[in-house]
Each structure stands twice: as structure tokens, then as C-alpha cells.
């Protein structure tokens, strides 16, 4: 036992010593570090110059990246597909190797590699909710875009922090409302709801008439969709979620929480949705089990797809603008996914060229045909609606023009921790464990604590 | 068989001259260390170095989103974790799971072993079927059971409603106690086969003569079970229990697939994952890793002790 204790103590001491060595800095070390830093700065300047040259070349469509190989890490729905990759290789000489990784794992792999100063991949998936932390951690290479491009792609705002564009969106997603016209008509409602009061009245009429047992569907489970649902509701209903100092806007968020709670206590929401996933909630509109929901943009395609929508519901779901307080809301929340370039990549210029190529109007349309990614450029959406590629758009384009980010200072770097607190409190509230006020207080104090850090 | 080449080599060494013998003796002394070296390098690189680095992280304020704000803070991370409500809540859940998973796994595992110990034509088939849940990936296991316990259209709710046991579907996954019970059942379903196989191996080692002698002395089935089967199976049950304990502390996939990362069902491992990889707080996450490691080490010691227990037939 004594020997064991001695070994453990020695191990502990060695680790402490290592730590102490790591944190201590001698004058010699500082000098060496300064020289190294100067060298790194020089090489970074050279790289920046090279990068600018390559970017200029790519804008002119003349980028020659022969022999360069890029790695790309994306979820299956973000894979551009072999044809597009081959086309990029033919145009530039650059080969891209794609690794499909589950969405959650990408973030883990990127962070673990970054701890060791490595790039998990040259190009990787960047979800809108990750951009704040990835920016603070310095994992993303900024990308230059023209003012014209930025104006055509409102979702770029989500990936912009302090004027820097950190990733380029490839899959557009913003919240849009869907309602079952047949259910509404049977309940004697001929007009689409324009305000949340209209929605509540319609839900009551539909439920009371026995047309649909649970006419309202909204994710309320303890998962990310619980946070985003509260955020878009407060955003569309009251036009504000966060104050300028980053704290939660009490009036708006509490109002949204109260609305959510009323929908549950009035029996308009299936109790199973309190533990179901977001997709379980959204799919209810396609199965005819609900009459109204606010959901992802891709359901615009699903509602006309016989494989995704029940036969008796096909053609009866209409995408409409999000309701507001006085009339339809003048805004919606974007939740896009993007391709980012690793700050640790050894082929930054090629990676930036590739990401910009994928973001071009022509390729966005190809990407939609290859993997169903909704384009981010409003001009492309308009073209695709006009040529019939998107069959049942409803208010899709109109809603796309109302995209605004609810984060006044960009997505905060503590988003994951904040979101965890938000969805757990929303879930506690709908399960009856907390009042809307208690849920808000818990969220508010956590956000303030995170801001103070 | 493995000793044969060494015996031949030693015989060869003894037969050489004294000078050559001295060299060979030296070589003989070094050889074991050289043979150990590759494994030692691997262990240092893949086990001891990460353990040391994790420990050094645990003593730092180290959040990946603030790369310029890394500093040595001693044991502050440990103190803050031990004082936090999140840790206590997760610890309670972990202990609940530990107790229920061990009980369920042991009871069902041993019962399974008793059934499989009865020899008949289909013994092999039953054994193969019994092992299946153990071979199933935990995440798949969790997803299957989520469908079974789904509040709306889940099998259990449909069964209960059909049998008239309840009028409305039960929300199995939103209440803390119910959720932890479900997680315990799901995990026990996966870990019971291993416990059963270990116990079955133990049952096979009990000499039949003992039962014959007991029968001659007038012992009935229950008496033989109580005085022969159970005491002689205890070391194997002990192995099964400690293995179940390690499984219970390490439950992750089942909880995630049943209730996501909700506060309701989170155990220490989920809390650790959230802190380290979701909130990117490597300092506090590393400290939590060490706390979990100390807890599981205690269980590991029990496991090793139960392995070393001797079986007495007296």
C-alpha cells in the first residue's frame, strides 16, 4: 500500500510539475517566443498575400489549384455529391475528399483537433448556433464577399460577427408557418391566420369542433429545437428577444413563454410533444395530425411529396408568413447551415475558393438538385419558383425577404450553455414543474451569469 | 507451449563458455525489458500521457472559446464542481442508476444462467438468443426502447391501454423517477446477458457430486439451491455485479436516445460531456473526468477483489 501511495503521490507531483512548467515563463523563453511570433507574423503576411491573390483569381474564375487536395467534413445532407466535386476539380484542378460525419460529432472533432492546433478538415460544417464560439475560439478563417452577394443572401448576417463573414451558408432554413386549409375550412375559418390571436382562436375552433385533437404543433422537448422555438416565437411576436446588452428581453420572452404554456394547458398540443424530437413535431403537419405549425423551410418540398405527406393531406397544406401581433410578422429567424474554412488549414486559399464556388448562384441551384439544400440567395429561390423547380412555395420567397437575425451582437460564444438552460426550462414549464415566470427567471439569471463571465 | 522456446534458450545459455555466458546473462536480463518496451511506449502515449494532460487541464481555467484566458487555478475547478447543484443532481441520478441497474442485471442475469444451465436440445439456440442484447450497440438499444416507451404510440402504452391498466398514455420519459427506471430497465436488458454468461460459467463448475450427496441427505431443490448453488455462485455473481456497476456508471447512449441531453435524466457522464464538448469548458470538464475516474476506480477495485476470491467446496 505504501508503495502504491508513493507512486500515486509521485505521479501527482509530476503532473503538478508539468503544469507549473507549462504556466511558468522564463525570460529566455519569452525572447524565443517573441522571435517565433515575429516569424509567424511574417509567414502569415505572406500567406495572406497569397490568399488574396488566389481569391482575386477565383473571382475572375481563373483560379489554378492544380495538385491541391482539400478535406471536407460535413453531415450527409451537406455532401455536395460526386458530380459537383468532379466539376470543381475540372475547373480548378483541386481535388476535394469528403468525409461524412454525424452533425454532432463534427463539432467535437473540430474542437478536439483545435486543442492540438490542427484542422479536423480544411472545410467543415458550421451550424448557425456554433458560429459565436468558433469565432471566439479562432477556428474560422474570415471570407470576403461582395456587397451584392451579401444583399442577395440575408442568411449571411447570421455568420457575420464584428463585420467578419466566418462561413458561407449552403442550406437555407428559416421559420415559416404551415396550416392545413381543410381543417381551417371545416372549422369555418376561410382566411389564413395573421396574428397569434388568430392562431389561438383557430386552434380553439378546430379542437372544439373535433376536427383535430391536437391542432397546434411546436417542439417543446429538452433539446435545441425547444430553444429555437421560443426564440422565433418571441422574435416574430414581439420583434425582440435579446436586449442590446445581450440579456433576455423580459417582456418579449415572458410573453412567448406564456403563449407556449397556454397552448399546452388548453390542450392544443399533443402531450407527447413534450418529450418528442423537433422532427416528430414537424412531421405531424404532413400526417394530418395537426392543423398549424411553424417549421423548417424544407417542409415546403415535403408537403408536395407523396413519400413524405399522407395522401389525404397532399395539396391541403399552405406555407404562409409568420403571424405577428398586429398583422403578419415583419421578420423571421434564420437557422442556416454553412461551410467554414479552418483557421488551421494549410490550404486556406483553395478552401475559400471552394466554399465561394459552392455559394455561387449557379452551384446553389445544382446543390438543391443534388441534395435538396434550399438556396440562400433570394434570386435563386425566385428563379426556382418561377421555373417550377420548387412546386408549392406559398409565401416562401416573401418570408425569405424578411430574414433577420435575433442576435443584435451576433450569436454569443456561450450559446450552447445558454441554449441548454433555455430548453430545459421551457421543458420544465410545459411539464408543469415551473410557471412561465419561474422559467424566465432561471433563463435570465443564467444568461446574466454567462455574460458576466 | 509458450514456455518451450525459453527453456531451450536457457539450456543453450548454460552450455556455452563462461564469457559468452556472462554476455548472454546480461542479454537475458535486458530482454524482458526490451519486450515490454513497445507496450510501455504505447501505454505512455495513449494512457499515462493523456491522464497527466487531463489532470493538468483540470487545474486550469481553460475554456476553448477564450483561448487567451488560460490560467492555473489549482483545485478551484474541483471545488466548484463539488459545490454545484448540477453535479449533485447528476450524482444522485448516477447512484439511482447504479443501484437499480445492478439489482436488475444481477437478478435477471442469474435467472438467465439458471435457465440456460438446464441442458436440452435447444440450449445452444437459447444461449445465442440470450447473448443478442449484449451484442447490440447501446445507441440502437436506446432507440428501440424509445419506440417501446414513446408517450404517444409506444408499445407499452398501447399494451397498458388495451389491458385496461390506464386510460391515457403514460409519459414515461418526462418524470425523473420514471425515466431513470426506464433507463435502468433498458441498460439491464443489455447487461444482463453478460452477467448471465458469467454466472452460467460458475454454475458449470459446481461438481454434480455435491447435488447427488445433498439429495442422498434428503435435500430438496430449494434447499440445494440455497446451500450449494447460491453460495458457490457468489464469486461469479460478484463479477457480474461489478461489471454491471461499471456499465451503470458509464451509461450514456441510452440516456441520450431516450431523453436527449435534458436535465431530467442526466448522469455524471452526460454532465461531463456537456461541460467538456458542448460548453467547451475543458478545465472543468477535465476535473469532472477525474472525479468520475476516482469513483469508477473504487468499483474497479471491487471487481479485482471479486476476481481473486477462491471457491471453497468444503
| said: Looking at the structure I just gave you, is residue A:379 in contact (Cβ under 8 Å) with a residue 40 or more places away in the chain, within 17 Å of the chain's Cα centre (by Cα) and in a helix (DSSP H, G or I)? | reply: no
| remark: Being modelled with pLDDT under 90 and within 14 Å of chain A (Cβ to nearest Cβ) narrows B:243, B:297, B:278, B:286 down to just B:297
| message | Which residue is modelled with the lowest pLDDT, if the candidates are limited to region A:102-120 and must be part of a loop (DSSP other than H, G, I, E, B) and within 14 Å of chain B (Cβ to nearest Cβ)? | response | A:116
| Given (1) touching a strand residue (DSSP E or B) at 6+ places or on another chain (Cβ under 8 Å); (2) more than 14 Å from chain B (Cβ to nearest Cβ); (3) at pLDDT below 90, where does residue A:390 come up short, assuming only one miss? | (1)
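Each row is one residue, and each column tells you yes or no for (1) buried (at least 20 other Cβ atoms within 10 Å of the Cβ); (2) in contact with a helix residue (DSSP H, G or I) (Cβ under 6 Å, 6 or more places away or on another chain).
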| residue | (1), (2) |
| --- | --- |
| B:209 | no, no |
| B:238 | no, yes |
| B:268 | yes, yes |
| B:271 | yes, yes |
| B:274 | yes, no |
| Residue that is nearest to residue B:148 (Cα to Cα) [pool: residues in region A:261-280 that are in a helix (DSSP H, G or I) and within 11 Å of chain B (Cβ to nearest Cβ)] | A:272
| remark: Of those in region B:125-157 that are more than 27 Å from residue B:243 (Cα to Cα) and surrounded by 15 or more Cβ atoms within 10 Å (Cβ to Cβ), the residue farthest from the other protein chains (Cβ to nearest Cβ) is B:156
| query | Going by the conditions given, is residue A:408 closer than 30 Å to residue A:249 by Cβ and modelled with pLDDT of 95 or more? | reply | no
| For region A:287-298, how many residues meet the condition of being crowded, with 22+ Cβ neighbours inside 10 Å and assigned to a helix (DSSP H, G or I)? | 0
| request: Would you point out which residue out of A:432, A:372 is on the phi > 0 side of the Ramachandran plot, within 14 Å of chain B (Cβ to nearest Cβ) and either surrounded by fewer than 17 Cβ atoms within 10 Å (Cβ to Cβ) or without any contact (Cβ under 8 Å) to a residue 40 or more places away in the chain (or both)? | output: A:432
| residue A:278 being closer than 24 Å to residue A:371 by Cβ and surrounded by fewer than 23 Cβ atoms within 10 Å (Cβ to Cβ) | yes
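The values are calculated or read from the model by the stated rules, or taken from the named source; none is laboratory data. Remember, predicted model here, so these are calculated numbers, not experimental data. Virtual Cβ from ideal backbone geometry, glycine too; neighbours counted across all protein chains shown.
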